[in-house]
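Below is one structure, written out as structure tokens, with a few remarks after it.
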Amino acid sequence: MKSASQLFIDSFMENLIKKNPSEPEFHQAVREVLLSIYEYIEDNPHYIDSGILERLTEAERIIIFRVPWMNDLGKIVVNRGFRVEMNSAIGPYKGGLRFHPTVNLGILKFLAFEQVFKNSLTTLPLGGGKGGSDFDPKGKSDNEVMRFCQSFMTELYRHIGPNTDVPAGDIGVGGREIGYMFGQYKRIKNEFTGVLTGKGINWGGSVIRPEATGYGAVYFTEEMLNTRHESIKNKTVLISGSGNVAQYATQKVIQLGGKVLTLSDSNGYILDPDGIDTEKLNYVMNLKNQQRGRIKEYADTYGVQYFENKTPWQEKADIAIPCATQNEIDVNDAETLIKNGCICITEGANMPCTPEAINQFIENKILYGPGKAANAGGVAVSGLEMSQDSMRISWTREDVDKQLKSIMKEIHQTCLKYGTKVGGYINYMDGANIGGFVKVADTMIDQGAV
Ligand code: NDP
């Protein structure tokens, strides 16, 4: 027989799926949070009575728009643009823009939903949102990317602002894209404001913002390992992806004395048994950020193995940090990682592990750091960038890094507070979900029926 909590969750999910059909990632993200927080809200029924769950799962506003742009052949191409403004209880909507052909409304709703909890955990006054387009920057010239970004911002500008909604980067949106979009916003609005984060250092950006998500994920890993009197030093690490988060996670692991064995992209992964050192990482950064090449070229250059159309999870290592995309670790991967002696999984990406994989980690008492806690460093430094822009000041690298480290420590503390179970196992997923929920839910109650 099903328990009362199971019946409640099933019925809530049935309604949610009816209202939001064909959005499996959004359903997955909501179910995960419900499973984590249900016991807590059962003890605090005023959250149910005040409709907090229904409100949290309905976006405050969603904007969907046409993005027409001209390619280098003079042909007009049409993409679809989105901005999901999920929740502004504790601050302006904040969350990245993703440019990738797989982008659709369901993916952005899952990301925006996750962002609300993540931003709450950072301790900063940030609401949650997410946006993007099914535009694929891969294989496009700089001019094509610029024309797309200008067209995208020509519609988006009217919905965002430094006190309303402050987007940042995500998959496919790095410094180049933020620059083109910022330029267009400034031109249309005739004002220089901190409307986007991840900006260049010369025009309002924060030092450490490019590094922040990857560094933060590694700081969080170190915090988790410390609870078991372990550290990253001399540990082997599997990293997936080779974009922004993967690159700086690799850099921080190297700095802390660990050895990164793998990197990947959507075509396959490389395995470097000697470890990716600083010189090889510089090669990857140039390859990915300037040449816009494929990770396979690393294998050709350094004479290591390349595995086409495979993910790195079959390799043996102490730690895994998935930094590519959602659902990249399934239950088979999880079983293999555990069998191979992996003691810690940190989500650099958003929702990279399937629910069945997460269950495996938790049942086996592995250290498992969910994305909304572990990768919150990026949005945290975005929050610091917003503060610097408002005050027209800039902090040093040391200042920002120190604040980032201290925020990751606080997030870890929140996870301990809400996630430590009888017997001492720390369920970071419950900790992050409940910790993120309480602040937003209490604020929504304070603000009335909003
Ligand atoms: P980038 O675009 O810089 O890099 C993404 C990397 O992941 C690339 O190597 C890309 O390979 C690979 N990848 C993307 N989609 C897929 C796919 N479907 N299958 C396999 N590989 C894929 O993005 P980021 O590094 O910024 O983002 C990575 C993850 O981290 C995302 O989940 C993002 O939401 C999350 N994140 C990012 C933050 C940030 O500050 N940037 C903040 C918090 C979370 P290829 O080049 O072949 O597409």
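The Rg/Rh ratio for region 212-374 is 0.93, where Rg is the radius of gyration of the alpha carbons and Rh is the Kirkwood radius.
Proximity of backbone amide H atoms, modeled 1.01 Å from N, is registered between residue 293 and 288 at under 5 Å, excluding neighbours fewer than 5 places apart on the same chain.
Each of 198, 243, 256 was scored by the projection of its Cα onto the charge dipole of the chain, and the greatest displacement toward the positive side belongs to 198; charges sit on the C-beta of Lys, Arg, Asp and Glu. For residue 369, the amide hydrogen comes within under 5 Å of the amide hydrogens of 345, 346, 347, counting only partners 5 or more places away or on other chains and with H modelled in the peptide plane. Between residue 11 and residue 226, the simple label model (points 7 Å from Cα in the Cβ direction) yields a spacing of 4.5 nm. You can think of it this way: the chain between residue 255 and residue 58 has 66.7 nm of extra reach, that is 0.36 nm per residue less the Cα-Cα gap. For trypsin sites (Lys or Arg not before Pro), the sites in region 233-280 that DSSP calls loop and that have at most 12 other Cβ atoms within 10 Å are 233. For the chain, the relative contact order is 15 percent, taking Cα pairs closer than 8 Å that sit 6 or more residues apart in sequence and dividing their mean separation by the residue count.
If a spin label sat at a point 7 angstrom from the Cα of residue 425 along the line to its beta carbon, the backbone N atoms of region 351-386 nearer than 13 Å would be those of 358-368.
Spin-label model, residue 339 to residue 399: label points 7 Å out along the Cα-to-beta-carbon direction sit 5.2 nm apart. Residue-wise HN-Hα couplings along region 401-417, as the Karplus relation 6.51 cos²θ - 1.76 cosθ + 1.60 with θ = phi - 60° gives them from phi, are 4, 5, 5, 4, 4, 5, 5, 5, 5, 5, 4, 4, 4, 4, 4, 5, 4 Hz; Gly and Pro carry x. Based on the reciprocal of the average 1/r between different C-alpha atoms, the Kirkwood radius for region 85-146 equals 12.4 Å. Binning the C-alpha pair distances of region 1-93 at 5 Å intervals from 0 yields a P(r) profile of 2, 10, 16, 19, 15, 11, 7, 6, 5, 3, 2, 1, 0 %, listed from the shortest bin outward. Centroid-to-centroid, using Cα positions, region 422-450 and region 30-103 are 18 Å apart. For the pair residue 164 and residue 191, label points projected 7 Å from Cα toward Cβ lie 0.9 nm apart. Size check on region 400-450: the Cα extents along the three principal axes, sorted descending, read 37, 36, 12 Å.
Geometric descriptor of region 54-211, per residue, is 108 Å³ (volume of the convex hull of the Cα atoms). Taking the Cα atoms of the chain, the ratio Rg/Rh between the radius of gyration and the Kirkwood radius comes to 0.95.
Read the figures in this text as sums done on the coordinates, not as results from a lab. Quantities reported herein were computed from a predicted structural model and do not represent experimental measurements. Glycine also receives a Cβ, built like all others from the backbone with ideal geometry; neighbour counts cover every protein chain displayed.
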